[in-house]
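Since the structure comes first, as structure tokens, the remarks are kept for the end.
The values are calculated or read from the model by the stated rules, or taken from the named source; none is laboratory data. As the structure is a prediction and not an experimental result, all values here were calculated from the model. When we count neighbours, we look across all protein chains shown, and the Cβ atoms used for this are built from the backbone with ideal geometry, even at glycine.
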């Protein structure tokens with residue numbers, strides 16, 4: 001099964017100039033735990049609810065702090081035509097729960113999450129990846 005068959009296509013993209021509060025409210029509205037961050041039609045980062053809490057609030061940053069200060073700029077991604085097995089294995093190894101999906105022009109076209117895979121016919125692959133993700137890092 002290919003990533004394009006199970007990924008979420010309707011992706012909202014945050015702007016690095018948005019504030020922690022703005023993005024947190026948008027994530028709450030969308031019931032999403034992560035958002036890609038884009039600028040000038042390019043993917044420049046990812047922001048998660050955990051980033052907002054751990055890198056933002058816990059560090060004493062005010063709600064009007066721009067997300068560019070706490071987003072993850074080292075973006076991991078997968079391609080839409082990759083095999084779900086390979087991507088799930090990789091997600092387990094690098095211990096992440098979701099990946100932006102790009103086409104071969106490196107344009108964002110979706111997000112693949114463990115949840116997407118779990119509700120597909122590939123649920124055992126999501127469980128395998130989660131078992132690796134849930135292991136403590138050394």
Test result for residue 56, assigned to a helix (DSSP H, G or I), modelled with pLDDT of 90 or more and closer than 25 Å to residue 17 by Cα
yes
Within the range 118-132, is even one residue buried (at least 16 other Cβ atoms within 10 Å of the Cβ), at pLDDT 90 or above and touching a helix residue (DSSP H, G or I) at 6+ places or on another chain (Cβ under 8 Å)?
no
Could you go through the range 70-87 and let me know if any residue there is out of contact with any helix residue (DSSP H, G or I) (no Cβ under 7 Å at 6 or more places or on another chain), without any contact (Cβ under 8 Å) to a residue 24 or more places away in the chain and more than 28 Å from residue 17 (Cβ to Cβ).
yes
Single residue of the range 25-49 satisfying the filter (assigned to a helix (DSSP H, G or I) and without any contact (Cβ under 8 Å) to a residue 12 or more places away in the chain) that is surrounded by the most Cβ atoms within 10 Å (Cβ to Cβ)
25
Scan (1) farther than 26 Å from residue 117 by Cβ; (2) surrounded by fewer than 14 Cβ atoms within 10 Å (Cβ to Cβ); (3) in contact with a helix residue (DSSP H, G or I) (Cβ under 8 Å, 6 or more places away or on another chain) for the single condition residue 56 breaks and write down its number.
(2)
